[in-house]
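Asks: Can you read through this structure? Questions will come right after.
The values are calculated or read from the model by the stated rules, or taken from the named source; none is laboratory data. Computed from a predicted structure; not experimentally measured. For neighbour counting, all protein chains shown are included, and Cβ atoms are generated from backbone atoms with ideal geometry for every residue, glycine included.
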Amino acid sequence: MSKIPVWMDCDTGTDDAVAIMLAHKLEGIDLLGISTVCGNTIQENAYWNTHRVNGLMGTSYPVYRGAENPLVIPLVTAAYVHGVNGLGDVELPVPQEAVVHPESAWEALYKCAKEHPHELRLVPTGPLTNIAIAFTIYPDLPGLLHSINLMGGSAGPGNITPAAEFNIFADPQAADIVFRCGAPINMFGLDVTTQAYFDMTDVDELAASGKDAGVFVKSILMHSYKILAKYGVKGFCMHDSCPVMYLAHPELFSGEEAGVVVETRGTITNGKTITDLYSDKQFPFSNAMVMLKVDRDRFITILKDAILNI
């Protein structure tokens with residue numbers, strides 16, 4: 001059985017790091033490259049954090065630099081959750097063998113899509129800036145992709161404002177381009193990703209294993225503990241692992257087809273993913289499968305197993 005070709009686009013903070021680990025260990029996935037974007041942290045951190053995760057895993061997945069700023073609006077990061085360095089302020093060395101590729105994120109993505117036409121699964125786990133730039137420079141790129149499995153948005157409330165989820169809020173103009181692109185989209189927003197969480201027992205188990213990856217995961221997540229407790233969040237949401245897990249285990253998820261548009265002109269509602277899931281009025285189109293439920297127990301079991309086997 002041939003493996004599924006996958007490209008990840010990450011603003012490598014804490015949950016992106018875990019998602020990369022999952023992509024590495026899931027059977028049937030061929031991770032061909034990782035591009036980095038500003039979001040959880042600045043581009044420089046996201047880029048080198050991805051190399052650091054490579055070093056932790058003993059892998060050499062190619063990493064490509066992307067956008068340092070959103071398309072239009074000023075950069076907003078999530079250092080309050082992910083730490084100043086993006087990895088919960090945990091220090092991890094850059095591997096000596098890290099290769100700096102000269103191609104930009106969009107150049108490398110397009111080349112990969114051309115090599116795997118209609119097969120490549122694109123998995124963006126941060127703001128959609130790199131993807132929007134790629135689609136603008138290479139208008140045939142959406143038609144070359146098999147699908148886009150993105151972490152972002154919400155059919156309900158947000159987490160950076162009452163209306164908006166962080167990844168979409170950080171570059172709504174880019175998100176608007178992506179949701180209009182015509183490629184099949186599976187949207188893993190807060191509706192489903194907040195169900196996919198580690199509790200303290202889970203992270204204690206990872207650390208108690210004594211394995212480097214398990215200890216690392218608990219360490220990077222603890223930075224956000226006080227913030228999560230303040231807002232009554234049940235645990236450490238593994239937002240970015242959801243679209244990765246779907247590649248190998250779609251049976252864990254369920255959702256509904258919907259029309260999704262992105263608010264780019266509002267003030268209070270800027271960055272909101274507006275869906276017609278709960279509306280009497282329906283859009284004249286359906287452009288995304290909005291994921292709404294996940295089997296948390298199986299999800300967490302598979303994710304922990306992946307981390308503990310690195």
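Asks: Select, from ASN40, ASN45, the only residue that is buried (at least 17 other Cβ atoms within 10 Å of the Cβ), touching a residue at least 40 places away in the same chain (Cβ under 8 Å) and part of a helix (DSSP H, G or I). Spell out how you get there, then give the answer.
Replies: On the way: ASN40 fails: part of a helix (DSSP H, G or I).
From the options ASN40, ASN45, the qualifying one is ASN45.
Asks: Could we say that THR136 is of a type in the set (S, T, N, Q), at pLDDT 95 or above, at negative phi and buried (at least 16 other Cβ atoms within 10 Å of the Cβ) here? Quick ask: steps written out before the conclusion?
Replies: Values: of a type in the set (S, T, N, Q): yes; at pLDDT 95 or above: yes; at negative phi: yes; buried (at least 16 other Cβ atoms within 10 Å of the Cβ): no.
So THR136 does not fit the description; no.
Asks: Next question. Taking into account only those residues within the stretch 217-234 that are more than 18 Å from LEU206 (Cβ to Cβ) and of a type in the set (Lys, Arg), which is modelled with the lowest pLDDT?
Replies: Initially, the stretch 217-234 is screened for residues more than 18 Å from LEU206 (Cβ to Cβ), giving 226-227, 229-233.
Now narrow it down to the ones that are of a type in the set (Lys, Arg): 226, 230.
On the way: LYS226: 73, LYS230: 76.
So, considering only residues that are more than 18 Å from LEU206 (Cβ to Cβ) and of a type in the set (Lys, Arg), the one modelled with the lowest pLDDT is LYS226.
Asks: Follow-up question, since we're still on this one. Pull up the stretch 175-193, narrow it to residues that are part of a loop (DSSP other than H, G, I, E, B) and touching a Ser or Thr at 6+ places or on another chain (Cβ under 9 Å), then point me to the one that is surrounded by the fewest Cβ atoms within 10 Å (Cβ to Cβ).
Replies: As a first pass, look at the stretch 175-193 and keep what is part of a loop (DSSP other than H, G, I, E, B): 180-184, 189.
Of the ones still in play, those that are also touching a Ser or Thr at 6+ places or on another chain (Cβ under 9 Å) are 183-184, 189.
Working: ALA183: 18, PRO184: 15, GLY189: 29.
Across the stretch 175-193, the extreme among qualifying residues is PRO184.
Asks: Select, from LEU32, LEU26, the only residue that is of a type in the set (A, V, I, L, M, F, W, C), more than 14 Å from SER104 (Cα to Cα) and out of contact with any Phe, Trp or Tyr (no Cβ under 9 Å at 6 or more places or on another chain). Spell out the reasoning first.
Replies: Working: LEU32 fails: out of contact with any Phe, Trp or Tyr (no Cβ under 9 Å at 6 or more places or on another chain).
Criteria check complete, one pass: LEU26.
Asks: Could you check ASP297 against (1) assigned to a helix (DSSP H, G or I); (2) more than 18 Å from the chain's Cα centre (by Cα); (3) in contact (Cβ under 8 Å) with a residue 40 or more places away in the chain and say which number it fails?
Replies: Unmet condition: (3).
Condition check ((1) buried (at least 24 other Cβ atoms within 10 Å of the Cβ); (2) touching a helix residue (DSSP H, G or I) at 6+ places or on another chain (Cβ under 6 Å)) across all residues:
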{"site": "PRO117", "(1), (2)": "no, yes"}
{"site": "ASN130", "(1), (2)": "yes, yes"}
{"site": "GLY143", "(1), (2)": "no, no"}
{"site": "SER147", "(1), (2)": "no, no"}
{"site": "GLY158", "(1), (2)": "no, no"}
{"site": "ALA164", "(1), (2)": "yes, no"}
{"site": "ILE168", "(1), (2)": "yes, yes"}
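Asks: Among the listed residues TYR246, TYR278, TYR231, which satisfies the condition of being within 19 Å of GLU165 (Cβ to Cβ), surrounded by fewer than 19 Cβ atoms within 10 Å (Cβ to Cβ) and in contact (Cβ under 8 Å) with a residue 40 or more places away in the chain?
Replies: Working: TYR246 fails: surrounded by fewer than 19 Cβ atoms within 10 Å (Cβ to Cβ); TYR231 fails: in contact (Cβ under 8 Å) with a residue 40 or more places away in the chain.
The unique qualifying residue is TYR278.
Asks: Still on this structure, I have one more. Kindly establish whether ASN186 is farther than 18 Å from ILE133 by Cβ and free of Cβ contacts under 8 Å to residues at least 60 places away in the same chain. Give the steps one after another, and end with the answer.
Replies: Values: farther than 18 Å from ILE133 by Cβ: yes; free of Cβ contacts under 8 Å to residues at least 60 places away in the same chain: no.
For ASN186, the condition - farther than 18 Å from ILE133 by Cβ and free of Cβ contacts under 8 Å to residues at least 60 places away in the same chain - is not met.
Asks: Considering only residues of the stretch 1-36 that are among the charged types (D, E, K, R) and not in a loop (DSSP other than H, G, I, E, B), which is surrounded by the fewest Cβ atoms within 10 Å (Cβ to Cβ)? Spell out the reasoning first.
Replies: Quick first cut of the stretch 1-36, residues among the charged types (D, E, K, R) only: 3, 9, 11, 15-16, 25, 27, 30.
In the following step, the residues that additionally are not in a loop (DSSP other than H, G, I, E, B) were identified as 9, 15-16, 25, 30.
Working: ASP9: 29, ASP15: 28, ASP16: 32, LYS25: 19, ASP30: 14.
Among them, the one singled out is ASP30.
Asks: Ok, one more. Could you check, for the stretch 257-264, whether at least one of its residues is free of Cβ contacts under 8 Å to residues at least 40 places away in the same chain, farther than 17 Å from ASN186 by Cβ and surrounded by fewer than 17 Cβ atoms within 10 Å (Cβ to Cβ)? Write out each step before concluding.
Replies: First pass over the stretch 257-264, keeping only residues free of Cβ contacts under 8 Å to residues at least 40 places away in the same chain: 257, 259.
Now restrict to residues that are farther than 17 Å from ASN186 by Cβ: none.
Within the stretch 257-264, none of the residues are free of Cβ contacts under 8 Å to residues at least 40 places away in the same chain, farther than 17 Å from ASN186 by Cβ and surrounded by fewer than 17 Cβ atoms within 10 Å (Cβ to Cβ).
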